[in-house]
Amino acid sequence: MSDDGALDTRPHEAHTAEEPTEAAGPTPAPPRPGPTAARSPRRGPGPFTLLVLPGLLTLSAVAGFLALTGGLPADWSSDADSGQHTTSGVDESYVPWLREAAAACTVVTPSVLAAQIDQLSGWRNDTGGASGEQGIAGFTDAEWRTWGRDDDGSGTSSPRDQADAIMALGRQDCSLARKVTDLRTEGTVTGDLVDLTLAAYAVGTDAVAEAGGVPAGARTYLTEVRQLLPRYEAFDRETPTGGGAAGAILAAPVSALTVTSPYGSREHPLTGVTKLHTGVDFAAPQGAPVLAARQGRVVFAALTKAYGNRVVIDHGTIDGKRLETTYSHLSALDVALGQSVQAGTLVGRAGSTGLSTGPHLHFEVIYDGYYTDPQPWLAAGD
């Protein structure tokens, strides 16, 4: 059987931002879009843009020069938990959240979200304004009530929690992307969907519809975000460019590794769109045991719109890079968030929840923050 794990440049299946879902766990489906009233003027150029952004660009240029001349430490882009930063200047622990947030739709990419945050706050979490904006994505209290969630399972939902803020921005952007896509399909507007989405973020979808495209009032904001995009383009990559540490170090998650849909580009069985299938589909009857492929800790166990019941296990680092495995479309969950597991621990039962054509296991391997072909990692089943 097959699922919806076919993507373009993002590491998760697309969700529909317009439909409300009472999904449990830290990654609920995005809510219905809020009002389309114009954004506050803070989305355009302000004191930060005029006074601080040039300094940030200068620092970025200096960092690039040092990197070229060997002035940066060799482990500059090492394990996310080390607190070190990527050459983009963003804490590596944010990158998986940027990718997760961008997975909610096909228009928004991790680099777009990162560039927006850079334009809004320069990644400073202590920013605030006269209208009450908070955190790296500059949400007001009213906006947060619409878009905010406790996405990282910390027990609180806050715009000052970077993971929560990134996910909320992704939900908001993807809602706007769906609306401008509809407007373009109807012939109301013309233009690039990313540009239209950013314009809608800056001045509201009503203004975009009235202008028939990107309004004049959104052009400065759009230009600034576009100028920042190149520094974050690496976040959009699907697989590591330097290869992986693959070798049969993962146990079989189901008793027989019968592949029904391999990793790689394919035509999605439900949508007909050709995109990247981010994992491998293994044949498994309804209710068949699904087992942890390696010792680790459960970092996600909840119902999602596209993946259905989904478990993500963090296995620590291999060659200094984090290794995670995912188990999706389960009919039942047998582990909980934060639980430690061993290879062979029952994590759930095979099923067809979420966007799926029948019972199976959609299994993924994420190495160094990128999806990679699971099969080289797997030992043969029994």
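The values are calculated or read from the model by the stated rules, or taken from the named source; none is laboratory data. This structure is a prediction, so every number in the text was calculated from the model and none was measured. Cβ sites come from the backbone with ideal geometry, for glycine too, and all protein chains shown count toward neighbours. Remember, those area values only see protein heavy atoms, side chains included, never the ligands or the DNA or RNA. Shrake-Rupley method; radii C 1.70, N 1.55, O 1.52, S 1.80 Å.
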Members of region 182-217 found to be buried (at least 21 other Cβ atoms within 10 Å of the Cβ), closer than 21 Å to PRO110 by Cα and in contact (Cβ under 8 Å) with a residue 60 or more places away in the chain, listed by number:
THR197, LEU198, ALA200, TYR201, ALA202
Residue match in region 324-333 (condition: among the small types (Gly, Ala, Ser) and closer than 16 Å to TYR263 by Cα)
yes
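Residues in region 121-140: is at least one outside any helix (DSSP H, G or I) and within 17 Å of the chain's Cα centre (by Cα)? Reasoning before the result, please.
Taking region 121-140 first, the residues outside any helix (DSSP H, G or I) are 122-140.
Restricting the remaining residues to those that are within 17 Å of the chain's Cα centre (by Cα) gives 136-137.
Yes, region 121-140 contains a residue that is outside any helix (DSSP H, G or I) and within 17 Å of the chain's Cα centre (by Cα).
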Among the residues of region 88-111, is there at least one that is buried (at least 18 other Cβ atoms within 10 Å of the Cβ), at pLDDT 80 or above, part of a loop (DSSP other than H, G, I, E, B) and of a type in the set (Gly, Ala, Ser)?
yes
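State which residue is most open to solvent (accessible area, probe 1.4 Å) when the search covers only region 339-353 and only residues that are farther than 16 Å from PHE282 by Cα and touching a residue at least 60 places away in the same chain (Cβ under 8 Å). Reasoning before the result, please.
Step one: list which residues in region 339-353 are farther than 16 Å from PHE282 by Cα, which gives 339-346.
Pick out the ones that are also touching a residue at least 60 places away in the same chain (Cβ under 8 Å) and you get 343-344.
Values: ALA343: 63, GLY344: 42 Å².
Per the criteria, the residue is ALA343.
Residues are listed down the side, and each one gets a yes or a no for (1) assigned to a loop (DSSP other than H, G, I, E, B); (2) closer than 21 Å to ASP152 by Cβ; (3) not aromatic (Phe, Trp, Tyr):
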site	(1), (2), (3)
VAL290	no, no, yes
LEU303	no, yes, yes
THR317	no, yes, yes
LEU323	no, yes, yes
TYR327	no, yes, no
LEU337	yes, yes, yes
HIS362	no, no, yes
VAL365	no, no, yes
PRO376	no, no, yes
Restricting attention to region 163-180, does a residue exist that is in contact (Cβ under 8 Å) with a residue 40 or more places away in the chain, open to solvent by 30 Å² or more (accessible area, probe 1.4 Å) and of a type in the set (Lys, Arg)?
yes
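Taking region 227-238 only, how many residues are open to solvent by 60 Å² or more (accessible area, probe 1.4 Å) and either in contact with an Asp or Glu (Cβ under 6 Å, 6 or more places away or on another chain) or assigned to a helix (DSSP H, G or I) (or both)? Lay out the reasoning, then the answer.
Residues of region 227-238 open to solvent by 60 Å² or more (accessible area, probe 1.4 Å): 227, 230-231, 233, 237.
Now drop any that are not either in contact with an Asp or Glu (Cβ under 6 Å, 6 or more places away or on another chain) or assigned to a helix (DSSP H, G or I) (or both), which leaves 227, 230-231, 233.
Total satisfying the criteria: 4.
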Determine, yes or no, whether PRO359 is modelled with pLDDT under 95, surrounded by 18 or more Cβ atoms within 10 Å (Cβ to Cβ) and within 23 Å of PRO285 (Cβ to Cβ).
no
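Would you kindly identify the helices (runs of 4 or more DSSP H) lying entirely within region 151-226 that contain at least 3 residues that are within 20 Å of LEU98 (Cβ to Cβ)? Walk me through how you get there before you give the answer.
Working: elements: 162-185, 193-203, 205-211.
The qualifying helices (runs of 4 or more DSSP H) are 162-185, 193-203.
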Within region 338-382, residues farther than 21 Å from LYS305 by Cα and of a type in the set (S, T, N, Q) come out as GLN339, SER340, GLN342, THR345, THR372, GLN375
